[in-house]
Each structure stands twice: as structure tokens, then as C-alpha cells.
1. What are the DSSP H helices in the chain that stretch 30 Å or more along their long axis, judged by alpha-carbon atoms, and whose average Kyte-Doolittle hydropathy comes to at least -1.0?
2. If the cut-off is a Cα-Cα distance under 22 Å, which lysines reach K272, setting aside same-chain residues fewer than 8 apart in sequence?
3. Would you mind ranking L19, L145 by Cβ crowding within 10 Å, fewest neighbours first?
4. State, as an integer percentage, the relative contact order of the range 2-142 based on alpha-carbon contacts under 8 Å between residues 6 or more apart.
5. Defining a contact as two alpha carbons under 8 Å apart and six or more residues distant in sequence, what relative contact order in percent does the range 235-343 show?
6. Expressed as a whole number of Å, what is the distance separating the alpha-carbon centroids of the range 206-266 and the range 57-83?
7. I want to verify a result. In a Gaussian network model of the chain, Cα cutoff 10 Å, which of these has the top mean-square fluctuation: V65, V236, V150?
8. If the elastic network links every pair of Cα atoms under 10 Å, which of E76, E17, E68 fluctuates the most in the Gaussian network model of the chain?
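Please treat every number below as a calculation from the coordinates, not as lab data. Computed from a predicted model, the values in this text were never measured in an experiment. Note that we place each Cβ from the backbone using ideal geometry, even for glycine, and neighbour counts take in every protein chain shown.
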Amino acid sequence: MQFVSTRKKAPVVMFEEALIRGLAPDGGLYNPVTIPKLSPEVWRRAEDFVDLARRVLEPWLQEEVPAELLDNLLREALNFPVPLVRVGDVQVLELFHGPTLSFKDIGARVMARLISHFASRTPITILVATSGDTGSAVADGFAGLPGVRVAVLYPKGQVSALQETQLTVKRPGVRVFAVNGSFDKCQVMVKTLLASPGELRLSAANSINVGRLLPQMLYYFWAFVQGDLKSANVCVPCGNLGNLTAGVLAWQSGLPITVFLAAHNANDGFPKYLSGSPTPFGPSVRTLSNAMDVGHPSNFERLHVLLDAATMRRKIKGYSISDDALLRAMRRVYEQFGYVADPHTAVALEAIHRESSPGVVLATAHPAKFSRTVRRALGINAPEAVALDALANLETSVTSLDPIPDTLRAALADWL
Ligand SMILES: *Cc1c(COP(=O)(O)O)cnc(C)c1O
């Protein structure tokens, strides 16, 4: 399967190279040159999530990943349930039952095993800068896999206590650095090293990597299989637009999604773009759904190449939901249906409520991860999550680092 940069100024590459590079050398994002069409007979007959994953990903990966290896890798990566539950007249697809309790586990765990497969000859170090959920999903996804190690950077004091514990849990092959600076500083350090790696063999595992994007198509298909849906609207809580882009790829490969509802918080650049504003993106603002606090969604560039502007505006409807409205939505679904939603899922529940039509909502995080907001909205404790209870007893390990790329370079060179 070939991939081409959104900026068209870099060579066309196979999946392996797009996966290891992350970003194309011209600064663009990799998109597939062609999108394989999947007939409904293929995916509707899936027996379980892993079987479905194999059916959907085979045409993408069969030239480069042997069938048996793909099968084993998917079985290992997708080892938790992804149920579709009814909440009133919407169906909620719970993507948060993985080890770090957000949907990012799905993409990260599949990507980690693909990279480990290709890295088996020359070990590779994955760099990831995180402001929250991505770091723990990536660290956990790669932990203990042969041929890869992971360096996670996060801004010291700027993630929640729970996120910090999730990030710093000791994991084999993972080092965590608390940077004395902002998330932007962490990103600059990662980008500087990627641009001039020297002796190090480095790669990045951010949300623009095709290795995360392709597996994110799977759960859109899985919602249709579980609900036996002929067609449906799908409502997606959006930040960097990776999840939505994967949904568009699923639609383009034949999944009968009617309309996408792109549910944003106060970071409303994309909804503004859809309603006609030519330059809608700006600095991010902080909200209660912090994993969606993105001012310049990196996957917009990719989406823009996959869909022309007219199709995008016909196929995707944008919503911007305030913190007050998301708190009200949390109360509404709890009082009416006894369902406890996390603040990110609540943004989508409110968007589909305004649309007043049934459909599928992607639930992106476990409410236990946002227990303070759950208590504030509902006056109750969030349902427990075994994965979080276990954290209390685990050892943690973290190294402080000044926000200078060469200190990171030195730390990585020492790490053998
Ligand atoms: C990352 C994240 C999002 C946003 O997903 P994108 O793919 O960046 O649009 C939404 N909800 C949660 C809980 C997240 O962690």
C-alpha cells in the first residue's frame, strides 16, 4: 500500500516507511494513494472485533505484513471489549476499556506492534510529547515489545495528578521525562531531535502517524456490525481530528455513514471552517474536555486532501459545545438514562442531542479518568475502573529535564 505526502513534494512510500517516518520529509502528512473498497459481505460477517480488524486491515497491509503475524498482532493489541450500548435513542460505542482508559489505546497498541515488527532488526526509539492521554497510551502500548523503546516528555506540573501517575508508572523499555517547561517546549525538543537524530534511530508516535490512523477505522465498522446498522450518523468528539479522519477513511472504503457530526468544545476552528470562515484557527483555549483543547488540528491538512471543500461541508456537520452545555448534557443522560459520561463523550452527546436524530456516539474516555468533573456535574463518584485502582500499588519512575534538546539527546545516548 502506497502513501503520499499531503504536500506532494516528497517521494511516495510504502506503509512501512510512512509508519516509521511519521511525518513526510516535506513536512506533510501521509495519505493513502488509493483507498481499498471493502464489500459489506466482508465486514458484516465478522465474528468478533479481532476478526473484523483482520478483515478491514488486510487489504491495507497484506503486501507488507504476513497474514499470520497480522492476526497475532491484532489479537494481542485488541484484547479488551468495545461494546455498543444504548443510551436513549443513541448508541454509544465505548472505546475506553483498554489499559489507559481512552480510545487512544486502540490506535497506539496496534501501531506499537506494527513498529516493533518492522524494527526487529534495528532497534528504534520512539519519542512522544504529551499533554495528557497520548503519552500513557503510547508508553503502555509499546512497553516490553522487542526492538523499540519509548521516551515520553510531559510538561511538569501541567498534567493532572492521575494523568501523571498513569504516565510515570514503571514500564519495561520506557523512560519518562518531566520537562521544566510547557507542552510546546516538549514538542520543540522532540522535533529538534527528529530533525537531527545524529547517532540515534528515532521515530515519533503522535496522532498523525498512519499506524494509529488505520486502526481507528476499525471501530466505526464495529459499531455497524454490532448494531446491525444499514446506515447511521456518527458523532465524534474532536481535537486533532485524527478520529474523524479515520472515520472518513472508513466511509471512503465503503462504510455507509450518512453524516459525521464533528463535536468540538470551545476550540471551534473546524466548525467555523465548515460554516464558511476561511481562517478560523487560533490559539487553544482550556476547557473541561482538555484532550480536545486543540487550536490548530494537525489532521485538518489530511482531511482537506481526502475530501474537497464541498464534500466536506456536505458530509460533516460541526458543533461547538461550551463547558456549561457539556455539564448539562452529563446531568441529562445521567438523570434520564442512568448513564455516566466523561466530559469528552458529553460534548458529543450534546451535539447529537441538538441534531435530534438517532445515531452512534463515540465514547472516548472512561468517566473514572475525570472523576472531579463527574462529581461536579452529578454529585456522585465516577464508576470505578480496575486499571486505575491497580495504579496505586505500582512503582513510578520519572527524570526531570530542562527544556533543552541537547539534554534529551544526552539522556537518550546514555540509555543502553
Ligand atoms: C485525544 C482525545 C480526543 C480527540 O481526538 P482527536 O483524534 O485528536 O480528534 C477526544 N477525547 C479524548 C478522551 C481524547 O483523549
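1. Result, helices passing both filters: zero.
2. Correct list for K272: K315, K317.
3. On the way: L19 25, L145 20.
Starting with the residue having the fewest Cβ neighbours, the order is L145, L19.
4. Averaging sequence separation for qualifying contacts and normalising by length gives 16 percent for the range 2-142.
5. Details: 154 pairs, mean separation 34.4, N = 109.
RCO, the range 235-343: 32 percent.
6. Answer, in whole Å: 18.
7. In this elastic network of the chain, the residue with the biggest mean-square fluctuation among V65, V236, V150 is V65.
8. E68
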